Every structure is written in structure tokens, then in C-alpha cells.
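Working notes, structure below.
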Amino acid sequence: MDIIGVSNVCLTLGKTEILKHINVSFEEGRIHGLIGRNGSGKTMLMKCICGFIKPTSGEITVDGKKVGKDVDFPKDMGIIIETPGFIPYYSGYKNLKLLAGLNNKIGKEEIKSSMKQVGLDPDLKRHVRKYSLGMRQRLGLAQAIMENPKILILDEPFNGLDKDGVKEMREYLLSYKEQGKTILICSHSAEDISVLCDTVHEMDKGVISEIQG
């Protein structure tokens, strides 16, 4: 069953066509990949799916709900788009605790568990401003998974990770898929995508095409 559907979506900003008649669907319980160069439109498509940007025309449904009509922002979705933003003078745990307070769905045990799953120590007092890029990426993933969402939307999740970190991240995402979750990954690295994903689509100048599925 398709959990995300994009129907004839166009996006124009100013006089520039960013997305051109996008038609694509993503099946539940699989890992889907989007590849393309910077500026190809892949991040903008993700932002439209998440409800951050309203398409100029067309329709997007997530888990049976029309984005921008039935819901402003899809529920049950964990998101990393671009570099995750955190309060620099808070620890990783304190940042996640603050964010978790917005929905009040989880407590400290779930927050700590999400950090441990991505290889971070929840008891580390170091401020986020002293985190490496790889640690920030891990913290972003911990934020995305801490409420155990059905869908993960991940833009360049391997940025800043060393070889071992990439391997650990791949293993984690595969285990998340085994729980019946749906994952949409955007990357400029064809290798990351081909190793991990069940389906692969390529974005080029606002046009999408299937290259593996």
C-alpha cells in the first residue's frame, strides 16, 4: 500500500520552475531513495511532502490525508531536512527534551533510548556547539526517531559521518525498516542510495524518473 502519493505536483518560486509535474508514490514498509545534484529539486520535493512548502499545483497525500487540506503537517513523521538546528549552549539530551515537550508524547527514557540507538551518550554534558558534524547528524536522527514515527524523511543523513558511522547508520535504518516503517532518503551519493534502498528515483531540473524499483 502506498503511504505517500504525489500527484502532478508543480512548484514555481518567482519565475523559476522548481518542480515540474511530479508523479510518484512510495510504498509503506520500504526504503525509498531520491538522488540528484544540488538544485535538482529533491529537497524541495521533500519539503512539500512534509508540508513546509505549499506546491503551486497538484496534490500530496500522506497516510491517506491530503497535505495542506486535511492536515497542515503530516502526523507520525520524523524529519531531517538540511542541517539539523539545535540550541548550541544546551547538551544533546537537553535539546531533545525541549523538543519532546512540544508534543508531550514521550518521556526521558524514550529520549535516552533514541540517542543510544544512534550511538550518542545521553549523559554527555558537552554543549551541542562542541559537537562534530557527524555527532550533529546523529542527534538529528535521534530527534527524528524519538517519537517512533511511521515515516522517516531524511535529507542527506550520511553527511559528516565517517566510514564506520555510515555503516552503523545503514544498519540502523535497515532495522527500522524491519519494524514496518517507511523511510525516504535524499542523497547526492548514488552508492549510499543503491546499497540501502528498495526503490530509487532521480531528480534532474525538477523532473523525476525511476531508475530502480
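Computed from the coordinates by the stated procedures, all read-outs in this text should not be read as laboratory data. Just so it is clear, the model here is predicted, and its values are computed rather than measured. Positions of Cβ are generated from backbone atoms using ideal geometry, with glycine treated the same way; all protein chains shown enter the neighbour counts.
Structure data summary
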| quantity | calculated |
| --- | --- |
| Karplus-derived HN-Hα couplings along the range 50-61 (A = 6.51, B = -1.76, C = 1.60, θ = phi - 60°), whole Hz, x at Gly and Pro | 7, x, 6, 10, 8, x, 5, 7, x, 9, 10, 10 |
| Per-residue HN-Hα couplings for the range 124-130 [Karplus 6.51, -1.76, 1.60; θ = phi - 60°; Hz; x = Gly/Pro] | 5, 8, 4, 5, 4, 5, 9 |
| D204-N148 FRET efficiency (beta carbon distance; Förster radius 45 Å; 0.05 resolution) | 0.85 |
| Amide H partners (placed H, <5 Å) of H201, local residues excluded | G33, L34, I35, I211 |
| Hull volume in cubic angstrom per residue (convex hull over the Cα atoms of the range 171-213) | 76 Å³ |
| Degrees between helix 108-117 axis and first principal axis of the chain (Cα, 0 to 90, nearest 10) | 70 degrees |
| Burial ordering of V195, V6, V24, fewest other beta-carbon atoms within 10 Å first | V195, V24, V6 |
| Low-density loop positions, GluC sites (Glu not before Pro), the range 1-93 - DSSP coil, at most 14 other Cβ in 10 Å | E28, E82 |
| Relative contact order %, the range 88-149, counting alpha carbon pairs below 8 Å whose residues are six or more apart | 45 percent |
| Assigned charges on the beta-carbon of Lys, Arg, Asp, Glu; the chain dipole about Cα centre (debye) | 880 debye |
| FRET efficiency for K66 and S194, using Cβ-Cβ distance with R0 set to 41 Å, rounded to 0.05 | 0.80 |
| Which listed pairs, of K66/K177; K20/K69; K69/K130, have C-alpha distances above 31 Å, in listed order | K69/K130 |
| Dipole in debye (nearest 20) - the range 88-149, about Cα centre, beta carbon charges: Lys, Arg +1; Asp, Glu -1 | 300 debye |
| Full-stretch length increase - F73, L124 - with 0.36 nm per residue and alpha-carbon distance subtracted | 15.1 nm |
| 20 °C / 1.002 mPa s Stokes-Einstein diffusion coefficient of the range 88-149, Kirkwood radius on C-alpha pairs, µm²/s | 190 µm²/s |
| Rounded to 5, percent antiparallel among DSSP beta bridges of the chain | 50 percent |
| Packing-based order for 134-145, 175-186, 44-55, 102-113, using average beta carbon neighbours within 10 Å, highest first | 134-145, 44-55, 175-186, 102-113 |
| Pairwise label distance in nanometres, C10 with I87, each label 7 Å out on the Cα-Cβ vector | 4.4 nm |
